Structure formats: C-alpha cells, structure tokens
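Heads up: the structure comes next, in structure tokens.
The values are calculated or read from the model by the stated rules, or taken from the named source; none is laboratory data. This structure is a prediction, so every number in the text was calculated from the model and none was measured. Don't worry about glycine lacking a Cβ; one is built from the backbone with ideal geometry, like all the others, and counts go over all protein chains shown. Keep in mind that these areas ignore ligands, DNA and RNA; they rest on the heavy atoms of the full protein, side chains included. Shrake-Rupley method; radii C 1.70, N 1.55, O 1.52, S 1.80 Å.
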Amino acid sequence: MTRPELLFAMVLFVGLALELSVLRWFARRPLADRLRPYTPGGFGVTARRGLLSVESFRDVVAPLSQGVGSALSRLFGVSEDLDRRLQRLHSPLDAGHFRTRQVGLTVTALAASTTAAALIGLPAPLTVLVALIAPLLVFLVAEQRVVAASQARQARLFRELPVVAEQLGMLLGAGYSLGAAMHRIAGRGRGVVAEDLQMVLARMRQGLSEIQALREWAELADVDALHRLVSVLGLNQEAGDLGRLISDEARAVRRDAHRELIEAIERKDQQVWIPVAVAALVPGTILIAIPFIQAMRTFSAA
C-alpha cells in the first residue's frame with residue numbers, strides 16, 4: 001500500500017468511526033447516562049463522551065480550526081469577524097462549529113485530491129499543485145457563501161428599511177409607544193427587518209432598554225441607513241414630533257435606495273456594451289490585418 005492510499009485509509013477510518021458514534025443502534029449510551037437527566041440535580045450535567053465521538057473530536061479540533069480558518073480568511077481579505085456574520089444571518093452555528101466543518105471539508109478535499117492524483121499517476125509537480133488548489137477552493141467556497149449571504153441580508157434590510165420606518169412613524173403618530181410599535185411590526189412582518197426586530201425584543205426582555213437593543217442591532221447589521229434611523233429613534237423621550245422625523249428619515253433612505261438602483265442600472269448598461277465592443281473589434285482587427293500582411297509581403301518581396 002502506497003503512502004497516499006494509507007493516508008486515505010486512515011482518514012476513511014476516522015470518518016467512519018465518527019459517523020458510527022452518532023448512530024444509536026451502533027453506539028448505545030450507557031444506562032447511567034440515559035438515567036442521569038431524571039435524577040435530582042442531574043438535568044444540567046453533561047453526559048460522558050467517548051474517546052472517538054463527535055463531541056470529543058469537536059472539542060479538540062474546534063479551537064485549532066477556528067484559529068487556522070480566521071488566519072486564512074484574513075489572508076484573503078475577509079476582515080469581518082465570523083461570529084458577527086453568523087449572528088447577522090441568525091445561523092444556529094457558532095464560529096467554532098462552522099470552522100470545524102470548513103476545515104473538515106478542506107482536509108477531506110486534500111485527501112481526495114491527493115489520492116486521485118496518485119491513482120491517475122500525475123507527475124509530482126502536478127500532484128502538489130492539485131493538492132494545494134483543491135482544498136483552497138473548498139475553503140474559499142465555504143467562506144464566500146457566508147460573505148455573500150451576509151451581504152445579501154444587508155441589501156434586503158436596506159431595501160425594507162424605508163417601509164418599516166414609515167410604519168414606525170405612523171404607529172408612533174397614532175399613539176403607540178416605541179416598544180409596542182416594534183412588537184406590532186415584528187409580529188406582522190415577514191421580512192428581514194421583522195426577524196431582526198424579534199431579536200431586538202428578545203434582548204429587551206433580557207433587560208436591555210429599547211435604545212440599547214436598537215443600537216446593538218444597528219452595530220450587528222452594519223447598515224448606514226439603520227444607524228441614522230436608530231439615532232432618530234434615540235430621541236423618543238425628547239422629541240415631541242418623532243413621527244415627522246422618522247418620516248423624513250424614511251424619505252432620505254428611499255432616496256439613497258433610488259440612487260443605488262440608478263447606479264446599478266447604469267453599470268448593467270455599461271456591461272451590455274462589452275460583448276458588442278468585442279464583437280466589433282475582432283472582425284475589424286481581422287480586416288485591418290489582411291491588407292497589412294499583404295503589404296508586408298509586397299515590401300519584403302521587393
């Protein structure tokens with residue numbers, strides 16, 4: 001057995017052991033662990049973990065995976081913290097779990113690409129190149145999916161913000177308090193802002209004030225229009241005509257959204273001309289090259 005085949009067999013064995021450790025019919029928990037939650041004082045006690053189990057493997061690998069993944073993401077220009085992006089997406093995973101999965105997929109891609117290159121019989125330089133490119137692509141694809149999802153959520157929040165701001169202004173003008181207005185929008189809305197307002201209300205139930213929870217949301221969302229709206233909402237206890245101020249801010253956000261839409265349309269109009277220019281330049285270059293080559297032949301013959 002060659003060295004790549006031995007490495008692939010070891011990776012396969014570890015993966016199979018981890019997969020079987022979560023199957024109830026194969027790795028049955030001891031009776032004491034199954035009865036421990038029902039004993040006095042045993043509800044919050046963590047059950048024992050086996051030597052080869054998913055939990056023990058995650059506890060060992062998660063800190064290393066998080067450090068390596070963060071260093072690689074910063075190397076490729078992703079400076080925002082992963083925990084912040086995952087919280088913005090309301091993901092059930094934390095940074096440790098995500099990095100563990102990401103590094104696991106990267107190591108699997110490394111083992112698979114190395115084994116495939118060895119079985120095909122590629123030269124040593126090509127084998128090293130494939131072993132470097134394949135895991136790097138897997139890592140970057142997983143990172144880019146989180147970045148793209150975070151940016152898409154920010155864009156959706158920016159598009160929904162004018163409507164939500166106008167609703168807040170109308171509710172406050174009708175006599176609702178700020179907390180009651182947010183509760184009504186969060187309960188009846190179906191968009192990104194409604195989901196985030198549910199989080200804001202949960203933070204208020206945990207003891208934060210309305211303005212503190214809103215500022216925490218603005219810091220997490222990282223949208224300039226939301227920062228401005230929250231600064232206006234911070235005048236809730238001071239301003240007498242807060243509904244009018246919120247309506248003015250909603251119109252300003254709508255103008256910003258309109259401006260960005262016009263810029264996107266103009267960029268698409270410019271991109272349309274790229275294939276047209278290429279299609280016009282190639283035949284033109286050929287038509288110019290033919291008499292030029294003929295002239296060069298004439299002068300060279302003379």
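A few comments on the model shown:
- In segment 222-249, the residues that are assigned to a helix (DSSP H, G or I) and open to solvent by less than 70 Å² (accessible area, probe 1.4 Å) reach residues that are among the acidic types (D, E) and at pLDDT 80 or above with C-beta atoms within less than 7 angstrom, at least six apart or across chains, in these pairs: A225/D256; L229/E249; V232/E249; S247/E166.
- Of the residues making up segment 198-214, those that are surrounded by fewer than 19 Cβ atoms within 10 Å (Cβ to Cβ) and in a helix (DSSP H, G or I) are Q198, M199, L201, A202, R203, M204, R205, I211, Q212.
- Scanning segment 70-111 for residues that are over 13 Å from the mean Cα position of the chain (by Cα), in a loop (DSSP other than H, G, I, E, B) and either closer than 14 Å to V138 by Cβ or modelled with pLDDT of 85 or more (or both) yields a single hit, F76.
- Of all residues making up segment 112-158, the number that are over 25 Å from Q66 (Cα atoms), of a type in the set (V, I, T) and surrounded by fewer than 13 Cβ atoms within 10 Å (Cβ to Cβ): 1
- Residue list for segment 178-197, restricted to those being within 20 Å of R84 (Cβ to Cβ) and surrounded by fewer than 17 Cβ atoms within 10 Å (Cβ to Cβ): E195
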